[in-house]
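Remarks on the structure that follows.
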């Protein structure tokens with residue numbers, strides 16, 4: 001049990017620090033370690049809990065809590081949660097503090113201005129890669145197109161649009 | 001351009017604001033929700049600050065939405081703010097994931113209901129629109145110049161479409177963007 005908890009801590013502590021660009025970067029490694037290396041669950045189970053974490057709101061990385069839960073019960077879930085979130089938390093918190101202190105520096109305005117287009121590019125990159133991994137078909141494309149226009153140019157509430165999307169797919173397919 | 005900063009929110013207000021985001025951010029698009037709640041509705045930070053946080057949150061390892069929440073919490077209220085934001089964001093999703101996961105493991109490998117998958121497909125399609133719309137809103141307000149527009153397009157296509165490694169693209173585009181910004185500020 002202790003050994004399993006240590007394995008969970010080591011695995012997710014490392015994966016958290018390697019997840020540049022977000023959780024998608026480490027899903028393949030996570031699946032291999034969970035199913036092959038440690039044999040904590042089957043491939044089917046991994047895909048199912050991955051689907052569960054996608055169906056619930058919040059960060060997809062929460063799937064690690066379910067891997068921990070399966071491997072070592074509620075203690076495993078807690079260890080996995082802390083291991084994946086704590087190191088990146090400390091890193092970005094330290095970065096944010098440094099950023100706050102740099103506000104008075106002469107180069108700060110330039111840095112802020114230079115980061116903006118890159119950040120917007122990354123937002124679109126996220127949208128484009130979601131588009132690429134979307135279910136094929138006209139229906140989903142149409143939902144995405146209408147949602148984009150509604151949410152960019154009107155003050156429609158996003159939840160309303162998402163409920164509409166879900167309802168439409170349920171009704172049509 | 002800098003509006004007078006509103007008083008910083010209390011830790012409880014931070015917690016609640018992020019709790020709401022955690023509760024509704026189905027299918028991704030967390031940073032879009034954060035801009036809506038933090039910049040547009042509450043004015044706790046402006047677009048400039050938000051975008052800097054967004055860039056740094058994506059460069060730093062970790063879940064992007066969580067990183068952005070911690071960044072915003074730190075900016076507004078230091079370490080306690082970071083903890084309140086983090087806790088608010090993940091509390092409900094963690095309970096939901098553990099609850100559904102425990103049910104799933106207890107049901108001994110029964111599959112997910114088909115309608116959940118279908119509904120999710122629609123939600124993700126709409127959430128993709130939410131992400132793109134967030135990009136459109138941000139670009140309309142913060143990308144007035146041609147070089148900025150080009151940097152946006154190259155970053156989006158290199159990472160999102162060509163799937164080049166994030167860090168490699170940033171190693172080229174970030175210095176370029178800073179150089180452009182420096183020339184624009186001097187002018």
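Of note:
- In degrees, nearest ten, helix B:11-24 long axis to first principal axis of chain B (Cα): 70
- Put in line by how crowded their Cβ is, counting other Cβ atoms within 10 Å and starting with the fewest, A:2, A:26, A:67, A:74 read A:2, A:74, A:26, A:67.
- Chain B, relative contact order in percent, only Cα pairs under 8 angstrom and at least six apart counted: 24
- Inter-chain Cβ neighbour count for B:136-146, averaged per residue, equals 4 (cutoff 10 Å, partner chain atoms only).
- Under a Gaussian network description of chain B, with springs only between Cα atoms under 10 Å, the residue in B:168, B:96, B:69 that fluctuates furthest is B:168.
- Using C-alpha pairs below 8 Å separated by at least 6 residues, the relative contact order for chain A is 19 percent.
- Per-pair calculated FRET efficiency, R0 = 41 Å: residue A:154 and residue B:185 via Cβ, rounded to 0.05: 0.75
- Angle in degrees between helix B:146-155 and the longest Cα principal axis of chain B, rounded to the nearest 10: 30
- Residues A:129, B:107, sorted so that the one with the fewest Cβ neighbours within 10 Å comes first: B:107, A:129
- Peptide-level mean, for A:67-74, of C-beta atoms on other protein chains within 10 Å: 2
- Pairwise label distance in nanometres, residue A:133 with residue A:75, each label 7 Å out on the Cα-Cβ vector: 3.4
- Per-residue packing, averaged as other Cβ atoms within 10 Å, sorts the ranges B:136-142, A:130-136 into the order B:136-142, A:130-136, beginning with the highest.
- The mean number of partner chain beta-carbon atoms within 10 angstrom of a residue's beta-carbon across peptide B:74-85 is 3.
Coordinate-derived values only; no laboratory data. Note that the structure is predicted; figures quoted are calculated from it, not measured. We place every Cβ from the backbone using ideal geometry, glycine too, and count neighbours over all the protein chains shown.
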